[in-house]
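Contents: one structure, followed by commentary.
The values are calculated or read from the model by the stated rules, or taken from the named source; none is laboratory data. Quick caveat, the model's predicted, so the values are computed rather than measured. As a convention, Cβ positions derive from the backbone with ideal geometry for all residues, glycine included, and neighbour counts pool all protein chains shown. When the accessible area is computed, the model is the full protein with side chains, heavy atoms only, and any ligands, DNA or RNA have been set aside. Shrake-Rupley method; radii C 1.70, N 1.55, O 1.52, S 1.80 Å.
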Amino acid sequence: MQALPHFYHVRVNGTPESNLISTSQGVPDLVVAGPAAFDGPGDQWSPETLLLSAVANCFVLTFKAIANASKFPWKAIECESTGKLDKSDREMKFTEITTKVRLFIDDPAVEDKALKLLYKVEPNCLVSNSLNVAVKLQGKIIIEA
């Protein structure tokens with residue numbers, strides 16, 4: 001890892017007639033539009049789905065780093081984040097994000113350690129740590145021999 005601080009940059013361009021294009025150096029452009037709940041087309045990434053994607057992806061990448069550092073063997077991980085958008089203190093914002101994780105392992109003898117590692121991820125995920133919303137984790141270990 002590079003020394004901190006890290007800086008990230010995104011540019012968004014839009015016109016009244018078109019959807020927004022997000023650009024970041026070295027990655028493909030991303031077309032973004034409002035979700036159907038806000039009268040958008042509903043068939044493209046929205047700021048809301050991008051936020052939840054950032055939470056889920058950060059969880060998986062943080063787990064991979066922790067598992068690697070712990071030399072923990074695992075087969076696969078599935079992570080779903082669901083956000084509740086509501087009014088709170090007269091502001092519209094995400095009031096809760098639930099992250100459901102399924103971790104697949106081979107050895108039932110390491111199930112307790114697997115669960116401990118999953119719950120170690122939550123306080124180390126920099127995206128969810130940066131949000132002003134309760135992020136709830138629901139972890140489940142699946143043993144596949």
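When the residues of the range 17-33 are filtered to those that are touching an Asp or Glu at 6+ places or on another chain (Cβ under 9 Å) and farther than 18 Å from L85 by Cα, which remaining residue is surrounded by the most Cβ atoms within 10 Å (Cβ to Cβ)? This residue is S22.
Taking each residue of the range 1-13 that is open to solvent by less than 90 Å² (accessible area, probe 1.4 Å) and looking for partners that are modelled with pLDDT of 90 or more with beta-carbon atoms closer than 9 Å, six or more apart or interchain, yields V12/V32. Taking helices (runs of 4 or more DSSP H) as the structural unit, those lying wholly within the range 31-144 and holding at least 1 residues that are β-branched (V, I, T), under 30 Å from T15 (Cα atoms) and under 14 Å from the mean Cα position of the chain (by Cα) correspond to 47-69, 126-129.
Specify which of the listed residues (E144, E78, E111) is in contact (Cβ under 8 Å) with a residue 40 or more places away in the chain and among the acidic types (D, E). Of the residues listed, the single one that is in contact (Cβ under 8 Å) with a residue 40 or more places away in the chain and among the acidic types (D, E) is E144.
Counting the residues of the range 34-51 that are closer than 21 Å to K84 by Cβ and either open to solvent by 70 Å² or more (accessible area, probe 1.4 Å) or of a type in the set (A, V, I, L, M, F, W, C) (or both) gives 8. The set of residues in the range 1-21 being closer than 17 Å to G42 by Cα and charged (D, E, K, R) consists of E17 alone. Can you give me the number of residues within the range 111-136 that are closer than 17 Å to T95 by Cβ, exposed (fewer than 14 other Cβ atoms within 10 Å of the Cβ) and aliphatic (A, V, I, L, M)? The total comes to 1. Among the residues of the range 21-39, those identified as under 16 Å from S53 (Cβ atoms) and of a type in the set (A, V, I, L, M, F, W, C) are V27, L30, V31, V32, A33. Scanning the range 90-106 for residues that are surrounded by fewer than 13 Cβ atoms within 10 Å (Cβ to Cβ) and farther than 20 Å from F38 by Cβ yields a single hit, D106.
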